[in-house]
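*Asks:* One structure follows; several queries about it will come next.
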Amino acid sequence: MTLHGLLQIALFFGVLLLVTKPLGLYMARVYKGRPPGLSVVLGPLERDIYHLCGMRSEEEMAWKRYAQSLLLFSAFGMAVLYVLLRCQQDLPLNPRHFGSLAPDLAFNTAASYVSNTNWQAYAGESTMSHLSQMAGLTAQDFMSSAATMGALMALIRGLVRRGTTTVGNFWVDLVRSILYILLPLAMVSSLMLISQGAVQSLTGSVFVQWLQPRHGNQPVQDSDGQADRQEGFGASQQVLALGPAATQVIARDLGTSGGGFFSANSAHPFESPTPLSDLLLLLLQTVVAAGLTYTYGKMVGDTRRGWAILSVMLVVLSVGAAITYQAESAGNPRILDLGVDLSITDQQPGGNMEGKEIRFGVAQTALVATATTATSTGAPNGMQDSLSPLGGLVPLVMMQSGEVILGGIGSGLSGMIVLVIIAVFISGLMVGRTPEYLGKKLEPYEIKMASVAILVMPIATLVATAFVLMTETGRDAIANPGPHGLTEVLYGFTSMANNNGSAFGGLNADSLLYNVSGALVMLLGRFWTTIPILALAGSFAAKKIVHISEGALPTHMPLFAVWLMIVTVVVSAMSFFPALALGPIAEHLLMTD
């Protein structure tokens with residue numbers, strides 16, 4: 001670990017904290033119907049959208065109708081995306097003439113993007129047409145993110161309101177999330193990313209001259225590994241895939257979706273060309289999720305509660321980044337067994353550089369690997385499969401926490417509020433009093449819904465992992481035997497159930513078994529946690545405020561922040577520690593033996 005690397009990490013946290021309050025305040029005004037500045041320009045467009053779609057913005061919904069609207073919107077989007085992927089061969093903007101996707105892969109991809117997972121069992125640059133990338137995948141990046149932001153707003157309204165049956169209007173929340181928050185941020189950020197050299201083009205591919213020509217008459221390899229030759233060019237040219245990458249990358253990271261235009265995600269120089277662009281993308285993954293904590297505090301009338309939640313998130317994130325950085329800096333002790341001369345130091349001078357981009361280095365790769373799994377983005381700038389066992393353990397733990405350490409925009413804070421409810425409930429049991437949160441009593445119905453929201457993810461992850469490992473097809477997809485192979489499968493289904501989308505590269509997941517089981521896990525992980533959260537919103541909205549006695553637990557104090565941190569870690573450990581002990585922990589012990 002170096003001073004330069006630590007300063008890189010400190011710079012990220014400093015900038016993130018700097019923009020949290022102003023962005024959070026802006027989003028609070030948007031959801032209260034008073035967006036500053038942009039309302040002059042976008043207000044008429046917002047009203048035209050409502051009029052065109054036959055919506056009445058002043059009409060509010062009960063939680064069941066809100067949930068129905070969200071599910072119908074998502075189902076329609078999934079159907080449209082599936083048809084687009086199945087027919088892309090016959091549609092325009094397909095300069096490289098890619099074929100249509102197989103039914104199981106199209107089903108998996110449609111479920112992936114609608115659930116905000118963006119799991120990719122394919123290489124984007126060698127599979128998807130420009131139309132599929134822009135009208136299908138990028139559009140869903142915005143819409144699925146906006147839908148989860150709307151669910152969060154419904155939960156916050158439920159906590160604030162009293163004696164009512166409504167929690168807002170799904171369509172209004174959807175439109176405002178896209179129009180006033182996601183699109184303006186995406187437009188500005190896209191220009192910044194393009195200025196750094198990211199690719200934004202409708203060209204399919206280009207041939208470039210090699211600096212050092214190859215010898216012999218060997219076929220040119222294009223980006224999908226297939227022999228490709230164009231008349232007039234010999235073996236001294238290489239085919240480079242191009243396309244509208246910058247806009248999709250911005251939509252991906254801003255919406256914490258994770259689907260890369262290129263299969264290497266941000267490790268590809270056409271997606272993230274410079275360290276500055278890498279910092280920009282990392283901030284985009286985290287800034288809205290962090291800002292929403294201040295939005296939450298502002299909307300419930302006590303910003304200290306939002307800061308308490310954010311402090312828990314950032315402390316856990318910083319600890320995770322430090323562990324990953326230390327593990328990757330230490331290198332691989334097995335290098336000594338190969339007879340490599342490390343006389344200068346007893347460690348690898350550059351740390352574990354396998355699978356890392358030299359232009360980013362160990363510190364930035366470790367930070368991104370941690371943050372992209374703490375959020376639901378899943379867009380690393382290195383190869384997760386090449387992390388050391390402990391370095392790979394941290395991203396697993398970040399996801400298995402329910403991705404509440406910042407988490408996906410909307411879904412992360414929703415999950416953390418559920419854990420707050422659990423923490424308040426447990427503390428109430430300890431002192432023998434009826435627990436209450438924000439002046440509302442926590443009764444059996446709320447605890448049942450919170451329990452369902454917490455348990456769906458680990459059940460889906462562990463059951464799916466056990467199921468595929470019992471099949472020959474599931475085991476044949478593993479490239480590495482032993483504990484690392486188990487980690488590859490566990491990481492894959494953890495990523496899908498938590499709607500993250502990142503993967504260990506050693507798992508061949510493009511098969512009927514993985515595509516179908518993965519799609520079901522992704523849908524369960526998204527919607528069977530969203531429905532209980534909306535049910536909580538409806539239940540809280542119907543309650544009346546009770547008198548807060550002196551014995552009530554203050555949920556804005558540092559003591560509660562520590563307690564919330566403990567509950568977050570313990571809930572995750574109780575579900576996943578046995579599986580982790582057989583995977584990355586066992587691999588680490590074998591490596592250091």
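Read the figures in this text as sums done on the coordinates, not as results from a lab. Just so you know, these numbers come straight off a predicted model, no measurement behind them. Note that we place each Cβ from the backbone using ideal geometry, even for glycine, and neighbour counts take in every protein chain shown.
*Asks:* Just to be sure I follow the definition: excluding the sites themselves, where is the longest run in the chain that has none of the GluC sites (Glu not before Pro) in a DSSP loop with at most 11 other Cβ atoms within 10 Å? If you can, show how the numbers build up before the last one.
*Replies:* Values: sites that count: GLU58, GLU59, GLU231, GLU550.
Formally, the longest exposed-site-free interval is 232-549.
*Asks:* When DSSP beta bridges are limited to those with both residues in the chain, what percentage is antiparallel, rounded to the nearest 5?
*Replies:* Beta bridges within the chain, antiparallel portion: roughly 100 percent.
*Asks:* Now, a different point. Between (1) 282; (2) 165; (3) 216, which entry matches volume of the Cα convex hull per residue in Å³ as derived from the coordinates of this structure?
*Replies:* (2)
*Asks:* Order by neighbour count: ASP90, ASP510, fewest other Cβ atoms within 10 Å first, most last. Could the numbers behind the result be given before it?
*Replies:* Working: ASP90 9, ASP510 17.
Ranked by crowding around the Cβ, least crowded first: ASP90, ASP510.
*Asks:* Then there is this: Give me the net charge for the shell around LYS440: Cβ to Cβ below 15 angstrom, other residues only, Lys and Arg +1, Asp and Glu -1.
*Replies:* Around LYS440, the surrounding residues sum to +4.
*Asks:* Round to the nearest 0.05 the FRET efficiency obtained for MET591 and THR434 when R0 = 45 Å and r is the Cβ-Cβ distance.
*Replies:* Efficiency computed from Cβ-Cβ geometry: 0.35.
*Asks:* If you take the C-alpha gyration tensor of the range 107-160, multiply each eigenvalue by 5 and take the square root, what semi-axes do you get, largest first, in whole Å?
*Replies:* Equivalent ellipsoid semi-axes, largest first: 29, 11, 6 Å.
*Asks:* Between SER39 and VAL208, what's the calculated FRET efficiency when r is the beta-carbon distance and R0 is 51 Å? Round to 0.05.
*Replies:* 0.65
*Asks:* Within the range 11-112, which trypsin sites (Lys or Arg not before Pro) sit in a loop by DSSP and count at most 14 neighbouring Cβ atoms inside 10 Å?
*Replies:* Sparse-neighbourhood loop trypsin sites (Lys or Arg not before Pro): LYS32, ARG56.
*Asks:* Loop only per DSSP, at most 16 neighbouring Cβ atoms within 10 Å: give me the trypsin sites (Lys or Arg not before Pro) in the range 100-206, ordered by residue number.
*Replies:* Those that pass, being in a loop and sparsely packed, are ARG162.
*Asks:* Still on this structure, please answer the following. Once you keep just the Cα pairs under 8 angstrom separated by 6 or more residues, what percentage relative contact order results for the chain?
*Replies:* Computed value for the chain: 19 percent relative contact order.
*Asks:* Return a whole-number percent for the relative contact order of the range 136-198, with Cα pairs under 8 Å and 6 or more residues apart as the contact set.
*Replies:* Computed over the range 136-198, the figure is 37 percent.
*Asks:* Counting helices only, and only those DSSP H runs with n ≥ 4, report the 222 nm mean residue ellipticity of the chain as the sum of -39,500 (n - 2.57) divided by its residues, in deg cm²/dmol to the nearest 500.
*Replies:* Dividing the helical sum by the residues of the chain leaves -19500 deg cm²/dmol.
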